[in-house]
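Trainee: Sharing a structure below in structure tokens format, with a few things to ask.
The values are calculated or read from the model by the stated rules, or taken from the named source; none is laboratory data. As the structure is a computational prediction, the values presented were derived from the model and not from experiment. As a convention, Cβ positions derive from the backbone with ideal geometry for all residues, glycine included, and neighbour counts pool all protein chains shown.
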Amino acid sequence: MCGRYCGLNVIVEGNRITKVEGMPEHFVSKGRICAKGLASAQLESDPKRLIYPLKRVGERGSGKWKKISWDQAYEIITQRLNQLREKWGPASLVYHRGRAPDWGSNWSYVQRFMNVWGSPNIATHSHNCHMARALGHVHTYGGHPIPDYDKCKLMILWGYNPAYTSVVNHAKRILDAKQNGAKIVVIDPRFTNTASKADIYLRMRPGTDGALALGMLHVIIQEELYDRDFVKQWTVGFEELKEFIKAYPPQKVEDITWVPAEKIAEVARLYARNKPAILEDANGIDQHTNVVQTVRAMAILQAITGNLDIPGGHLFVPPLPLKNMTLSEKLPSKTQSLSTHPLYYNLCRISTVEMLDAIETGKPYPVRGLIVQGSGLSIISSNSDRVNKTLGKVDFIVVHDLYLTADAKIADLVLPSKTFFECPLPIFYPFGYGPSADVGMMGIVNKIVDPPGECKSDAEFIFEMGRRLGLKDYFPWETVEEAFDEELSPSGFTVKDLQNNPQGIIIPFSPHTLYKKYERIGFNTPSKKVEIYSETFKKLGYDSLPNFVEPAESPISTPEVAEKFPLIGGTGLKLGIFTHSQYRTLGWLNEIVPESYVEIHPQTAAGLGINDGERVKIETQRGCIDVRAKITEATDSRVVFITYGWGQPYAHGASVNALTDMMNRCPISGANGNRSFLCRIRKA
């Protein structure tokens, strides 16, 4: 249901799930369970689920459908995609993949299909979730390390609220570390559940995280608190950085970020003097127009303090022993993609915004076919109105999902998907979501019940579609379990082994493979060192040092807009009981949070004559939505936070991305400024 992968015990009567409980023996969750897990029992009986393939028989958006068989659906797909390939070439097909139900094996099989089909154009929303940050890490020290919470003395949690979004994993480990003496610093524009447990809390202006990181670098370098030996032996560009950060003294950074200069200096000194320490950036850093350079500054902080690849710091953990199932070598090397951000493409193919640009302009070539699987382009993408209009230009659209989504409303074929209760799927615990940083972990989601109607899993759909399109040699397996066994083969485990170990299988890493690997093999960068100064960025026309750039829309960068829209708005109010746009139909979760709302400071609300619980209108240059007001001191009086994820036609509420801007983007990753834009509020 999310990326944390807790152990669930499911009680079944006949083919009906009656209850879901925590699994006490699970290595990570140990019987703990969140609201999503408890409410998941309602997923199977949700009357709004799709259960049969549907073919559109009216105009797009008319809501006129005809029930068809899967054979008929595959015949239509085969005919239309073959026509598309013959007339426009294989690259005119885009496969848009969302999170549901998993990024692991299913993501590999999406890539496999598109590589053997001959299209490089796999699109995701990852430019606004994780991958922009990954770019900053990869192009500083060659990878995206994970935090070793269990052995650290200090944790800086930056834009991260695990006490709400990772309650049974990271939050528990963080609080255990605090109980053992570790200090916690939380940096976030909103006072979160996690901030309530912090020793120090810094509230900054949304989108100014990069300036704050540079202010901390200024203090650490000017006061010579950095790790001299590590900097001398394992970094390039330190002297250039030393000169560069002179422009960011704490007093100047206070003017930019709203964080008092003395607090900037205090946290910088605390971080530099308490080794091993963690500085963990998270999803709150995403969705800003300066995200990659912001993360570069944070990565440099980790590096010059000597907190890389050491116990209690940030670890570059080895990959799990799995077979690469993507067949990337089958994609012709000269195939041009739709990408306009080459560094992003190397990590995660193309972004949603690049795909939409190509559909709208026809450049570098037209997009004629689109497969959307487990995704919500119209709801999750910035500027929802533009997205809906743009998608209507695609000749042939197939949607494979649990529900009749906004994207499905304009599709030609809508195909029903299985839930995670209805199909097996290996899971591999990425990003440090195992029980500790020094072990890997794998497990499997078991099939619990048969699906209603004629639903098919993501893998089943991909495999059969590939076979029908003449790609049988690349999808030879009789069952999905056979494919999973092949993927698992280097590990020595099988699907049966995973099924026999529902608590998971632990793969320990030796200290030799875990700590200070750079002393033997260097860092995974062109120089084999931490690249404070990036020649790669310089060659592509980006700033070679992590320069701070104002958010594209802010009181500083667009004062003329701020005159009409004086408040800084953000969609960063992430509700841990949902996952992105999912699970809005589950009754128990809707009892907890029945509708979208906006957090407003009491002083701001009083000035606008708004009372707690009243309906308000939030407006930007792009649109307007109607939500409830929640009066709270969690936010600054100049800032409002809006919950996101609502807006699907089968659920309720307006899409917050009716307010956000798609055209101003991070130049390196294409990320949008959904968490730092200008708005105004009035009573509805």
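Trainee: Taking region 628-679 as the region of interest, how many residues are surrounded by fewer than 22 Cβ atoms within 10 Å (Cβ to Cβ), β-branched (Val, Ile, Thr) and part of a loop (DSSP other than H, G, I, E, B)?
Mentor: 1
Trainee: Need pairs with beta-carbon distance below 6 Å; first residue at positive phi and within region 312-340, second modelled with pLDDT of 95 or more and of a type in the set (Lys, Arg); sequence gap 6+ or separate chains.
Mentor: Note: pairs meeting the criteria are Gly312/Lys151; Leu327/Arg112.
Trainee: Being among the acidic types (Asp, Glu) and touching a residue at least 40 places away in the same chain (Cβ under 8 Å) is the filter here, so list the residues in region 230-243 that pass it.
Mentor: Result: Glu240, single match.
Per-residue answers, yes or no, for (1) farther than 24 Å from Tyr5 by Cβ; (2) buried (at least 17 other Cβ atoms within 10 Å of the Cβ); (3) hydroxyl-bearing (Ser, Thr, Tyr):
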| site | (1), (2), (3) |
| --- | --- |
| Glu553 | yes, yes, no |
| Ile556 | yes, no, no |
| Lys564 | yes, no, no |
| Gly570 | yes, yes, no |
| Leu575 | no, yes, no |
| Arg584 | no, yes, no |
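Trainee: Take the residues in region 246-265 that are closer than 22 Å to Ile568 by Cα, outside any helix (DSSP H, G or I) and of a type outside the set (A, V, I, L, M), then tell me which one is farthest from the chain's Cα centre (by Cα).
Mentor: Per the stated criteria, the residue is Pro260.
Trainee: Please enumerate the residues belonging to region 85-122 that are over 30 Å from Asn446 (Cβ atoms), among the hydrophobic types (A, V, I, L, M, F, W, C) and buried (at least 19 other Cβ atoms within 10 Å of the Cβ). I'd like the intermediate steps shown before the answer.
Mentor: Of all residues in region 85-122, those over 30 Å from Asn446 (Cβ atoms) come to 85-94, 117-121.
Okay, now just the ones that are also among the hydrophobic types (A, V, I, L, M, F, W, C), so 88, 91, 93-94, 117.
Result: Ala91, Leu93, Val94, Trp117.
Trainee: Determine, yes or no, whether His125 is at positive phi and either buried (at least 24 other Cβ atoms within 10 Å of the Cβ) or not β-branched (Val, Ile, Thr) (or both). Even if it seems obvious, please write down each step before you answer.
Mentor: Numbers: at positive phi: no; either buried (at least 24 other Cβ atoms within 10 Å of the Cβ) or not β-branched (Val, Ile, Thr) (or both): yes.
No; evaluated as a whole, the condition is false for this residue.
Trainee: Take the residues in region 548-585 that are in a loop (DSSP other than H, G, I, E, B) and among the basic types (Lys, Arg), then tell me which one is nearest to Gln648 (Cα to Cα).
Mentor: Restricting to residues being in a loop (DSSP other than H, G, I, E, B) and among the basic types (Lys, Arg), the top hit is Arg584.
Trainee: Something else: Of the residues Asn9, Asn82, Asn106, only one is within 30 Å of Cys348 (Cβ to Cβ) and either aliphatic (A, V, I, L, M) or under 30 Å from the mean Cα position of the chain (by Cα) (or both); which?
Mentor: Residue meeting the stated conditions: Asn106.
Trainee: Say we look at region 553-573 and pick out the residues that are of a type in the set (A, V, I, L, M, F, W, C) and modelled with pLDDT of 95 or more; which of these is nearest to the chain's Cα centre (by Cα)?
Mentor: Applying the filter and picking the extreme gives Ile568.
Yes/no per residue for (1) closer than 28 Å to Leu545 by Cα; (2) modelled with pLDDT of 95 or more; (3) of a type in the set (Ser, Thr, Tyr):
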| position | (1), (2), (3) |
| --- | --- |
| Tyr149 | no, yes, yes |
| Tyr160 | yes, yes, yes |
| Thr192 | no, yes, yes |
| Lys197 | no, yes, no |
| Ile200 | no, yes, no |
| Arg203 | yes, yes, no |
| Gly210 | yes, yes, no |
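Trainee: Taking region 574-590, which residues are within 20 Å of the chain's Cα centre (by Cα) and aromatic (Phe, Trp, Tyr)?
Mentor: Listed by number, the residues that qualify are Phe578, Tyr583.
Trainee: Still on this model: Based on what the data block shows, is Val259 under 18 Å from Ile300 (Cβ atoms), of a type in the set (A, V, I, L, M, F, W, C) and in contact (Cβ under 8 Å) with a residue 24 or more places away in the chain?
Mentor: Considered against the rule, which asks whether it is under 18 Å from Ile300 (Cβ atoms), of a type in the set (A, V, I, L, M, F, W, C) and in contact (Cβ under 8 Å) with a residue 24 or more places away in the chain, Val259 comes out as no.
Trainee: Further question on the same structure: Checking the conditions here, which among Arg85, Arg80, Arg99 is touching a Phe, Trp or Tyr at 6+ places or on another chain (Cβ under 7 Å), among the charged types (D, E, K, R) and assigned by TED's automatic domain parsing to the domain that holds Met442?
Mentor: The match here is Arg80.
Trainee: Then there's this: Which residue out of Val28, Val57, Val20 is on the phi < 0 side of the Ramachandran plot, free of Cβ contacts under 8 Å to residues at least 24 places away in the same chain and buried (at least 20 other Cβ atoms within 10 Å of the Cβ)? I'd like the intermediate steps shown before the answer.
Mentor: On the way: Val28 fails: free of Cβ contacts under 8 Å to residues at least 24 places away in the same chain; Val57 fails: buried (at least 20 other Cβ atoms within 10 Å of the Cβ).
Step by step, each of Val28, Val57, Val20 is checked, and only Val20 is on the phi < 0 side of the Ramachandran plot, free of Cβ contacts under 8 Å to residues at least 24 places away in the same chain and buried (at least 20 other Cβ atoms within 10 Å of the Cβ).
Trainee: Assess whether Glu422 counts as being touching a residue at least 12 places away in the same chain (Cβ under 8 Å), in the same structural domain as Tyr109 (by TED's automatic domain parsing) and in a helix (DSSP H, G or I).
Mentor: Details: touching a residue at least 12 places away in the same chain (Cβ under 8 Å): yes; in the same structural domain as Tyr109 (by TED's automatic domain parsing): yes; in a helix (DSSP H, G or I): no.
So Glu422 fails the test.
Residue-by-condition table, conditions (1) outside the structural domain of Ser489 (by TED's automatic domain parsing); (2) polar (S, T, N, Q):
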position	(1), (2)
Pro311	yes, no
Ser328	no, yes
Pro342	no, no
Cys348	no, no
Val353	no, no
Glu360	no, no
Gly376	no, no
Asn383	no, yes
Arg386	no, no
